[in-house]
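One structure is given below, encoded as structure tokens.
The values are calculated or read from the model by the stated rules, or taken from the named source; none is laboratory data. Just so it is clear, the structure is predicted and the values come from calculations on it, not from any experiment. In this analysis, Cβ positions are derived from the backbone assuming ideal geometry, glycine residues included, and neighbour counts consider all displayed protein chains.
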Amino acid sequence: MTRSANLGFPRIGAHRELKKATEAYWRGDADLASLEAAGTELRATHWKLQKSAGIETIPSGDFSFYDQVLDMTAMLGAVPPRFGHDGGTVDLDTYFAMARGADDAPAMEMTKWFDTNYHYIVPEFHGGQRFSVSSTKAVDEFKEAKALGIHTRPVLIGPVTYLSLGKVKGAALDPLSLLGRLLPSYLELLSRLKEAGADWVQIDEPILVLDLSDGQRDALRTAYDALADARIRIMLATYFGGLRDNTGLAVRLPVAGLHIDLIRGPDQLGAVLQELGREQILSLGIVDGRNVWRADLAACLTTVESAVAALDAERVQVAPSCSLLHTPVDLDNETRLDEELKSWMAFAKQKLGEVAILAQTARGDGDAFASTFAASENAKDTRKSSPRIHDPDVKARADGVTEADHSRQSPFPARHEFQRAHIDLPPFPTTTIGSFPQTGEVRKTRAAFKRGDLGEAEYDAFLQIETEKTIRLQEKLGLDVLVHGEFERNDMVEYFGEQLRGFAFTQNGWVQSYGSRYVKPPVIFGDVSRPQPMTVKWSAYAQSLTDHPVKGMLTGPVTMLQWSFVRDDQPRSETCKQIALAIRDEVLDLEQSGIRIIQIDEPAFREGLPLRRADWEEYLRWAVDSFRLAASPVADATQIHTHMCYSEFNDIMPSIAALDADVISIETSRSDMELLDAFVDFEYPNEIGPGVWDIHSPRVPSTQEMQALLAKATKVIPPKQLWVNPDCGLKTRGWKEVEPSLSHMVEAARSMRGAPM
Ligand code: GLN
Ligand code: ZN
């Protein structure tokens, strides 16, 4: 019989219970027992919720106090030596120390999980690395569920994905070379699970959707040949893309089942059906685990039925495309979204209902669900025609965009002359990235305004005072290009989204970003347009206070797209273009109001890159076009800046240059200017501000340190092209670090000006 299955449920709790419990423990306000109890309760709630949603194959082990990759690290005993682990069971304090650092042991590195906004703790190995099963988490949670009457399918991250995501420190060693030492521990984990009564395990190998090296292909074959000895049935889960050229490899691994992502890779179904082994079970990832929209049940059912026709009902499972970790928990908790918007959406709990109904309908007991199918049909129809979604003016405007709309009037060298004449700046001009400290008072006042406890006039008066103080401070410090400080902004995407048509905001739509940090992404549901100016008031006010140029601050279209849930009824590129047009209007209004320098932040530009190389070019084309569309309507004399945070630029340098920003500021101080190399090798033609102050640390850098970084930069970039700025915005810093640090930065810049250019 066709079964319903889930790959993972969000662990954070519908009301962020996990955050509250872990943070209370970290603060010392709660003991270990109460933290453990909170975990037990969340797991029980989530298992029962999945059961009552009608899910037949329910995962266990998907719960985590911090991160599922770190859980594997603990289970495999791969604790880096600096955490002083003695080889026994890895306790929760050691676990948290790895994630967050301890007194003299810096935290392990963290990075993005594939193309999601979830961050995992990077496994860290050394040349003499040994593994041994050092936590019974997987077995314990299986038993815990069993005691509640729920027979689960435990989840592990597969050995090849696990090693591939890791790094060997201090030795030039491929992490995959550790596979032979690692596999016995996996075998032991599997046999312990089997002993506890598990008949299936889900092993996640999302690397199967990437471009694989020969080494990785070999490792996959070796690993699964070895794991077959455990004699437990393995559901090999792939997600975040199609298998493409790895299809043959995946279906020939000796596993009992294969899960594929039919949202990201809908066209892989035919090939997989054809190549799948005779006995293998296919899990169809057909309900989108990465977005918030209600599924088109009729279309899903057609797919399920085609698989059933090809394989037989027993060999088909219905599931979300990937773990539901990446979706908010429960739409029922949204009381402020209107009913129509809600009728278009589904969060984790609702998605499981969809999965269950699809499986039951495929088995022939669909009659009971006529109303759900009707609701799905209705959502599809109304989304096609709703005037809230479709704005003919926006579409006409987007369709009418021409090649010329993507270009400034003159090429950079000519613009540069105009800008010099128009904006009086010394060599090594100093500036900041935009935000100044968001103090408790700033946050409190904004919260009071949002609640309605503070009137608009009072709130504005408060913001005016903060802005003026910040302008005066920058003047006193001797900065050249000033900013207004962004005190009116909560978040760089939300602030704009709230003022744009086509965006909606949830109350509880949290998803885990890392550890106890959750984000609440905006939802882009319709055509995007800008009813009125969004930032002109504050930029113009700040400019009215000073003769120095004040830089206008905008968030770029790619970043807004990347950090939101986006509509699935048109290509991402189209949505991005619409946002770009809205920003373009803002850029023009800023210029009109007398702002001579405008910064369009694109910190998420690189993270939008598709997982497969073959898809990069297309993405880069529309991403660059969107930025240029937003940035290019201004006169040559108006200077456009952009800003990007910590990222590797080497492989996308031509696209960075193609943005054609007059000035780019990038985060470089943490890497000791290493990230600048890409700009050097490429001979980046425009101006550039390599960050000289690591704003992620409370440390106040000295003038000498910043001078040294600048000196390093001048060795490789012509001094005429250089700007002086911090790595990123200052909103997370305190005033007592900001003042001296900026003062040192200005001093460092001034000292550079003395040198011959
Ligand atoms: N202008 C933004 C700020 O200063 C940029 C933030 C970012 O790069 N993430 O806060
Ligand atoms: Zn930044």
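Assorted remarks:
- Within the range 596-619, the set of residues being of a type outside the set (D, E, K, R) and touching a Gly at 6+ places or on another chain (Cβ under 9 Å) comprises Ile597, Ile598, Gln599, Ile600, Pro603, Ala604, Phe605, Pro610, Leu611, Tyr619.
- Evaluated against (1) more than 23 Å from the chain's Cα centre (by Cα); (2) within 16 Å of ligand 2 (Cβ to nearest atom); (3) within 15 Å of Asp405 (Cβ to Cβ), Leu588 falls short on exactly one condition, (2).
- Within the range 661-672, the set of residues being out of contact with any Leu (no Cβ under 8 Å at 6 or more places or on another chain) and surrounded by fewer than 22 Cβ atoms within 10 Å (Cβ to Cβ) comprises Asp662, Arg670, Ser671.
- Residues of the range 649-668 classified as of a type outside the set (Val, Ile, Thr), within 16 Å of ligand 1 (Cβ to nearest atom) and at pLDDT below 95, total: 2
- Every condition in (1) free of Cβ contacts under 8 Å to residues at least 24 places away in the same chain; (2) within 25 Å of Pro726 (Cβ to Cβ) holds for Ile433 except the one numbered (1).
A quick yes/no check of all residues on (1) over 20 Å from Ser134 (Cα atoms); (2) of a type in the set (A, V, I, L, M); (3) free of Cβ contacts under 8 Å to residues at least 24 places away in the same chain:
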position	(1), (2), (3)
Thr22	yes, no, no
Asp29	yes, no, yes
Ala37	yes, yes, yes
Trp47	yes, no, no
Ser60	no, no, no
Met72	no, yes, no
Gly77	no, no, no
Pro80	no, no, no
Met98	no, yes, no
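- Count of residues meeting criterion [within 16 Å of ligand 1 (Cβ to nearest atom), in contact with a Pro (Cβ under 8 Å, 6 or more places away or on another chain) and under 19 Å from Pro437 (Cβ atoms)] in the range 693-724: 3
- Contact map, the range 641-660: first residue more than 21 Å from Thr432 (Cβ to Cβ), second residue β-branched (Val, Ile, Thr) and more than 16 Å from ligand 1 (Cβ to nearest atom), Cβ cut-off under 7 Å, separation 6 or more or different chains; pairs are Ser655/Val624; Ala658/Val624.
- Subset of the range 474-510 that is among the basic types (Lys, Arg) and more than 16 Å from ligand 2 (Cβ to nearest atom) - its residue that is nearest to Ile595 (Cα to Cα): Lys476
- Scanning the range 395-419 for residues being within 15 Å of Asn686 (Cα to Cα) and more than 33 Å from the chain's Cα centre (by Cα) gives a total of 9.
- Residue ID - nearest to ligand 1 (Cβ to nearest atom), chosen from residues in the range 618-648 that are closer than 25 Å to Lys112 by Cβ and of a type in the set (D, E, K, R): Glu648
- Applying the condition of being among the hydrophobic types (A, V, I, L, M, F, W, C) and in contact with a Pro (Cβ under 7 Å, 6 or more places away or on another chain) to the range 573-600 and asking which residue is surrounded by the fewest Cβ atoms within 10 Å (Cβ to Cβ) yields Leu588.
- Test result for Val528, touching a residue at least 24 places away in the same chain (Cβ under 8 Å) and away from ligand 1 (no atom under 16 Å from the Cβ): yes
- Test for Tyr646: is it more than 16 Å from ligand 2 (Cβ to nearest atom), aromatic (Phe, Trp, Tyr) and assigned to a loop (DSSP other than H, G, I, E, B): no
- Filtering the range 549-566 to residues that are touching a helix residue (DSSP H, G or I) at 6+ places or on another chain (Cβ under 6 Å), away from ligand 2 (no atom under 16 Å from the Cβ) and not hydrophobic (A, V, I, L, M, F, W, C) leaves Gly552, Pro557.
- Yes/no for Ile688 being farther than 23 Å from Leu482 by Cα and modelled with pLDDT of 95 or more: no
- Residue under evaluation Arg750, criteria (1) within 16 Å of ligand 2 (Cβ to nearest atom); (2) not in a loop (DSSP other than H, G, I, E, B), criterion not met: (1)
- Count of residues meeting criterion [part of a helix (DSSP H, G or I) and within 16 Å of ligand 1 (Cβ to nearest atom)] in the range 599-617: 3
- Total residues in the range 715-757 satisfying the condition of being among the β-branched types (Val, Ile, Thr), within 18 Å of Phe679 (Cβ to Cβ) and buried (at least 16 other Cβ atoms within 10 Å of the Cβ): the figure is 2.
- Residue in the range 692-707 that is within 29 Å of Pro413 (Cα to Cα) and either without any contact (Cβ under 8 Å) to a residue 12 or more places away in the chain or touching a Lys or Arg at 6+ places or on another chain (Cβ under 8 Å) (or both) present: no
- Every listed requirement among (1) more than 19 Å from Gly158 (Cα to Cα); (2) surrounded by 19 or more Cβ atoms within 10 Å (Cβ to Cβ); (3) small (Gly, Ala, Ser) is met by Ser321 save one, (1).
- Any hit, the range 289-310, residues being within 30 Å of Pro175 (Cβ to Cβ) and touching a residue at least 40 places away in the same chain (Cβ under 8 Å): yes
- Which listed residue is acidic (Asp, Glu) and closer than 14 Å to Arg408 by Cα, from Asp601, Asp636: Asp636
- Within the range 428-445, tally of residues that are under 19 Å from Met553 (Cα atoms) and either assigned to a helix (DSSP H, G or I) or within 16 Å of ligand 1 (Cβ to nearest atom) (or both): 10
- Out of Ser407, Ser435, Ser386, sole residue that is within 16 Å of ligand 2 (Cβ to nearest atom), on the phi < 0 side of the Ramachandran plot, modelled with pLDDT of 95 or more and among the small types (Gly, Ala, Ser): Ser435
- Members of the range 727-746 that are within 13 Å of ligand 1 (Cβ to nearest atom) and out of contact with any strand residue (DSSP E or B) (no Cβ under 6 Å at 6 or more places or on another chain): Cys728, Thr732, Arg733, Val738
- Annotation note: of Ala623, Ala637, the sole residue that is part of a loop (DSSP other than H, G, I, E, B), more than 15 Å from Thr402 (Cα to Cα), more than 16 Å from ligand 2 (Cβ to nearest atom) and touching a residue at least 12 places away in the same chain (Cβ under 8 Å) is Ala637.
- Checking every residue in the range 407-419 against the condition of being farther than 30 Å from Gln721 by Cα and either touching a His at 6+ places or on another chain (Cβ under 7 Å) or touching a residue at least 12 places away in the same chain (Cβ under 8 Å) (or both) gives zero matches.
- Checking Ile260 against (1) crowded, with 21+ Cβ neighbours inside 10 Å; (2) over 23 Å from Pro328 (Cα atoms); (3) among the β-branched types (Val, Ile, Thr), the condition it does not meet: (2)
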